[in-house]
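Below is one structure, written out as structure tokens, with a few remarks after it.
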Amino acid sequence: MSGDNRAPFVVAHRGASALLPEHTLAAYELALEAGADGLECDVRLTRDGYLVCLHDRTVDRMSNGTGLVSEMTLDELRDLNFGTADRPASVLTLGELITLVLDWRSRPTKLFIETKHPVRYGALVENKVLAELHRFGIATPASADHSRAVVMSFAATAMWRIRRSAPLLPTVLLGESSRYLGGSAATSVGATAVGPSVRTLRDHPDLVDKAAAAGRATYCWTVNEPADVRLCAELGVSWIATDHPGRTKGLLAAA
């Protein structure tokens, strides 16, 4: 991940999640068809050790079931509907999403994987993510710029674990301005990029230049408003995560 003078790359936040249920295969396929340069997902571990693409600790908000993800098996999750009544969808595993990304032949697409913390399984989450990336042959890229996967977290310890085990894998330390405006947190864990919210970026537009001066890219979330898309482009943000990948690509192309 590196910044340049071109328009920001567009990352589909949980897929084309403004149009279809988040973290579903259909939402990610729609994002790819809309021209997204990257796909973003959150991952959690099931009780039997599988990584699934879900943001919340529970399944209550996005499915027709209830309960903690960490207390359910993959088969139990697959019995639930994460789509709609007229368009049901199964829970998506990280392996299935990686397969979609690698099989997409129109253009190379990056997968941005956010590990959720704190969780009952602790460091096992990062270990499982790395194992899955190794299984698909993308855990040790030739360089950060050519990596097909990026790992992100709000937890500095999670980023440290990834950098220690896979030094060429790009990482994004997510968080608000107090965490990294001075750069110390990102420096201590060796993160290759910082990930402010768009609200933080509005308040601290100099953050992008400060990150670049330290050799880091900037990943901004969640950028949905046209004015914020233009702001990110003007400031030189490297990657912008949005619920509207197709619309955002159009805005950038017209700028």
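Might you let me know whether segment 62-76 holds any residue that is closer than 19 Å to Glu22 by Cβ, without any contact (Cβ under 8 Å) to a residue 24 or more places away in the chain and assigned to a strand (DSSP E or B)?
yes
If Ile113 meets every condition in (1) in contact with a Ser or Thr (Cβ under 8 Å, 6 or more places away or on another chain); (2) in contact (Cβ under 8 Å) with a residue 40 or more places away in the chain; (3) not in a helix (DSSP H, G or I) apart from one, which number is that one?
(1)
All but one of (1) closer than 24 Å to Ala36 by Cα; (2) out of contact with any Ser or Thr (no Cβ under 7 Å at 6 or more places or on another chain); (3) surrounded by 15 or more Cβ atoms within 10 Å (Cβ to Cβ) hold for Lys210; which doesn't?
It fails just one condition, (1).
Out of Ala16, Ala27, which single residue is small (Gly, Ala, Ser), more than 28 Å from Val208 (Cβ to Cβ) and buried (at least 21 other Cβ atoms within 10 Å of the Cβ)? Write out each step before concluding.
On the way: Ala16 fails: more than 28 Å from Val208 (Cβ to Cβ).
On inspection, the qualifying residue turns out to be Ala27.
Is segment 52-71 home to any residue that is crowded, with 20+ Cβ neighbours inside 10 Å and either in contact with a Cys (Cβ under 8 Å, 6 or more places away or on another chain) or of a type in the set (Asp, Glu) (or both)? Break it down stepwise before answering.
Residues of segment 52-71 that are crowded, with 20+ Cβ neighbours inside 10 Å, as a first pass: 52-54, 59, 62-63, 69.
Okay, now just the ones that are also either in contact with a Cys (Cβ under 8 Å, 6 or more places away or on another chain) or of a type in the set (Asp, Glu) (or both), so 53.
There is at least one residue in segment 52-71 that is crowded, with 20+ Cβ neighbours inside 10 Å and either in contact with a Cys (Cβ under 8 Å, 6 or more places away or on another chain) or of a type in the set (Asp, Glu) (or both).
How do the helices (runs of 4 or more DSSP H) wholly within segment 186-236 filter down when requiring 3 or more residues that are more than 27 Å from Ser143 (Cα to Cα): which remain? Show your work before the answer.
Details: elements: 198-203, 207-213, 226-235.
So the answer is 198-203, 226-235.
Quick test for you: out of Arg47, Arg87, pick the one residue that is charged (D, E, K, R), surrounded by fewer than 20 Cβ atoms within 10 Å (Cβ to Cβ), in contact (Cβ under 8 Å) with a residue 60 or more places away in the chain and not in a strand (DSSP E or B).
Matching residue, one of Arg47, Arg87: Arg87.
Among the residues of segment 31-38, are any assigned to a helix (DSSP H, G or I), out of contact with any helix residue (DSSP H, G or I) (no Cβ under 7 Å at 6 or more places or on another chain) and either at positive phi or at pLDDT 95 or above (or both)? Explain how you work it out, then say what you get.
Narrowing segment 31-38 to residues assigned to a helix (DSSP H, G or I): 31-33.
Subset that is out of contact with any helix residue (DSSP H, G or I) (no Cβ under 7 Å at 6 or more places or on another chain): 32-33.
Checking the rest, the ones that are also either at positive phi or at pLDDT 95 or above (or both) come to 32-33.
Yes - at least one qualifying residue is present in segment 31-38.
The values are calculated or read from the model by the stated rules, or taken from the named source; none is laboratory data. All values derive from a computational prediction rather than experimental measurement. Cβ atoms come from the backbone with ideal geometry, glycine included; neighbour counts cover every protein chain shown.
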